[in-house]
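Take a look at the structure set out below.
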Amino acid sequence: MKALEQLVANARKVGAATEKRIEDLDETRAALAALAALREAGLIAWTVPKEFGGADAQDLCAADTVSVRALCALRSELAWHSGMLDVMFVMQGLGSFPIAIGGADALRAEVLPAVARGERIAAFALTEPDAGSSLGDVATRAVKNGDAWRLDGKKTFISNAGVAHHYCVLARTSGEIGDTKGLTMFFVPAEARGVEVNRFEVIGPHPIGDVAFSKVEVPDTHRLGPEGGGLAIAIATLNRFRPSVAACANGFARRALDESMKRLLSRKQFGKPLAAFQSLRFDIAEMDMRLRAAELLVDEAARLSDEGGSAAAAVARAKLFATENAGWICDRAVQHFGGLGVKKGSVVERIYRDVRALRIYEGSSEIQKLILAKELLG
Ligand SMILES: Cc1cc2nc3c(=O)[nH]c(=O)nc-3n(C[C@H](O)[C@H](O)[C@H](O)COP(=O)(O)OP(=O)(O)OC[C@H]3O[C@@H](n4cnc5c(N)ncnc54)[C@H](O)[C@@H]3O)c2cc1C
C-alpha cells in the first residue's frame, strides 16, 4: 500500500504543476501537454502490464496485467486536478490492453513499451453511429484478402481521434449485424492509407471524433486475438478499466466537495458565512457520506479485480453508484457557488461538465444496472 501512496503523491505533483498550465490551451495542445507531463513523471507505465514494458506492480497483480488499484489511485488524483490529465492517462491503457491480451509477440514488443513511455498515443475504437451500448451491432467490415485484411466502416466518439498513433478497432469478420461471434479486433496504425478523422467537441475538454476506414489494409499480424474473439477482448479490456471510471468520478466529486467547503467557509451572506446555514451544512455532510460510500465501493471493485476473482457485480455497483453520485455532488457544488458556479472558467463549472460523460461511456448507468441485475437474478 506504500507503493500506492507514493503513486498518489506523484500524481498530485503532476496535477499541481499541470492543472493551470493547460487550462487555456486548445484541446490538442492541452492533450499533448498533459501527456508530456504524465510521461515525464513515468506515470503512463501503470497503464501497461509489466511483462510488456509497463510498471512493476509487484504484489498488486500478476505481471501480465495492469493493477486496477493503481489505476484507480492514479485516476482519482489526476481527475481531482484535471479531466484532461485523467483522459490522456487512461486512454493509453484502453488503447493498448487489447494488444497486451491479444497481440502477436512482435506487435506487443513494437508497440507496448512505447505506449508505456508515452511515446505512442493509443485509442480504442468500438462505438459506431448505429452500435453504442449494443456492440453486437458493429457494422465495420474486415474482409480477408490473402495475408491481409481490408477494413471499411465508421467509428464515432473515439477518444484521442486525431492525436492517436494507432486505433484498436472492433470489426465484423463474419455474420450479420447482431451476431456477437463474428467480431474481431485489429490494430490499425493512424497513418494507414484510408483512415480519416473528423474531430468534434463534447461538453468537457476531451480529444474526440469520428474515425472512418475506407479500404484500409492491415496485415494478419495486426489481428488481436482469434477471428471471432473481438468482443471478448473488448469486454476484457472494459472490465479491467471500468473500476477506474468510478475512481475518476470520485476524484471529480472530491474536488467539488473541497471547493464547496472552501466557498461555504469564506462567503458571507446575511451577515454570516454560508457554512453557518444548516441546510448547507447538511449538504456537506451528505456529500461527504456519499463520496465515502462510493470510495469504499471502488476499493472493493479494484481489490477483487486485482485478485482475479469474479468482480462483475462489484465493478458494476462501483461504476453505477460513483458516477451517478459524482454527478449529484458536482451539481450541489455548483449550487453552493451561486452565479459563480455557472461562470465559465470556475473550477466547479469545469468539473460539472467534465463529470457528465462518465455516466455514459464504458457502459452507461443503464448497462451497469443490466449487468448487476444479471449477476443477482441470473
Ligand atoms: C466523452 C466520451 C468518450 C468516449 N470514448 C469512446 C472511445 O474512446 N471509444 C469508443 O469506442 N467509444 C467511446 N465513447 C462512446 C461510448 O462508449 C458510448 O457513447 C456508449 O457506449 C453509449 O452508446 P451510445 O452513445 O450509442 O448510446 P445508446 O446505446 O444509443 O444509448 C442511449 C441511451 O439508452 C440507454 N440504453 C441503451 N440500451 C439500453 C437497454 N438495453 N436498457 C436500458 N437502457 C438502454 C443507454 O443507457 C443510454 O442512456 C465515448 C463516449 C463519450 C461521451
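The values are calculated or read from the model by the stated rules, or taken from the named source; none is laboratory data. Quick caveat: nothing in here was measured; it's all calculated off a predicted structure. Counting neighbours? That spans all protein chains shown, and the Cβs are built from the backbone with ideal geometry, glycine included.
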| Residue count, region 330-346 (criterion: closer than 16 Å to residue 83 by Cα and crowded, with 20+ Cβ neighbours inside 10 Å) | 1
| For region 320-330, does any single residue satisfy the condition of being assigned to a helix (DSSP H, G or I) and over 21 Å from residue 354 (Cβ atoms)? | no
| query | Considering region 45-85 alone, what residues qualify as being within 23 Å of residue 202 (Cβ to Cβ), within 13 Å of the chain's Cα centre (by Cα) and of a type outside the set (S, T, N, Q)? | reply | 71, 74, 75, 78, 79, 83, 84, 85
| remark: Scanning region 315-354 residue by residue, those touching a Ser or Thr at 6+ places or on another chain (Cβ under 8 Å) and either without any contact (Cβ under 8 Å) to a residue 60 or more places away in the chain or farther than 20 Å from residue 368 by Cβ (or both) turn out to be 320, 324, 332, 333, 336, 337, 340, 348
| message | So the check is Cβ under 6 Å with 6+ separation or different chains; which pairs have a first residue in region 124-153 that's farther than 20 Å from residue 181 by Cβ and a second one that's part of a strand (DSSP E or B) and acidic (Asp, Glu)? | response | 148/217; 150/217
| request: Test residue 143 against the stated conditions and say whether it is assigned to a helix (DSSP H, G or I), among the hydrophobic types (A, V, I, L, M, F, W, C), farther than 27 Å from residue 303 by Cα and outside the structural domain of residue 257 (by TED's automatic domain parsing). | output: no
| request: Mind telling me which of the residues 244, 260, 266 ends up being more than 30 Å from residue 109 (Cα to Cα), of a type outside the set (Asp, Glu), at pLDDT 95 or above and buried (at least 24 other Cβ atoms within 10 Å of the Cβ)? | output: 260
| Here is a list of conditions, (1) closer than 24 Å to residue 367 by Cα; (2) buried (at least 19 other Cβ atoms within 10 Å of the Cβ), and residue 142 meets all of them except one; can you say which number that is? | (1)
| task | Check residue 189 against each of (1) within 22 Å of residue 107 (Cβ to Cβ); (2) in contact with a helix residue (DSSP H, G or I) (Cβ under 6 Å, 6 or more places away or on another chain) and name the one condition it does not meet. | result | (2)
| request: Could you look through region 357-378, keep only residues that are surrounded by 16 or more Cβ atoms within 10 Å (Cβ to Cβ) and among the charged types (D, E, K, R), and pick out the one that is nearest to the ligand (Cβ to nearest atom)? | output: 362
| task | Take the residues in region 169-194 that are of a type in the set (Val, Ile, Thr) and within 15 Å of the ligand (Cβ to nearest atom), then tell me which one is surrounded by the most Cβ atoms within 10 Å (Cβ to Cβ). | result | 169
| What number of residues within region 267-278 satisfy the criterion of being under 11 Å from residue 336 (Cβ atoms) and either outside any helix (DSSP H, G or I) or among the hydroxyl-bearing types (Ser, Thr, Tyr) (or both)? | 2
| query | Any residue in region 67-85 that is closer than 30 Å to residue 24 by Cβ, among the basic types (Lys, Arg), more than 10 Å from the ligand (Cβ to nearest atom) and not assigned by TED's automatic domain parsing to the domain that holds residue 292? | reply | yes
| Single residue of 164, 104 found to be more than 30 Å from residue 345 (Cα to Cα) and either surrounded by fewer than 19 Cβ atoms within 10 Å (Cβ to Cβ) or within 14 Å of the ligand (Cβ to nearest atom) (or both) | 104
| Among the residues of region 148-168, which ones are more than 15 Å from residue 184 (Cβ to Cβ) and touching a helix residue (DSSP H, G or I) at 6+ places or on another chain (Cβ under 9 Å)? | 159, 160, 162, 163, 164, 165, 166
| query | Could we say that residue 310 is under 23 Å from residue 364 (Cβ atoms), small (Gly, Ala, Ser) and modelled with pLDDT under 95 here? | reply | yes
| said: For region 38-89, give me the residue count where each residue is crowded, with 20+ Cβ neighbours inside 10 Å, of a type in the set (Gly, Ala, Ser) and outside any helix (DSSP H, G or I). | reply: 5
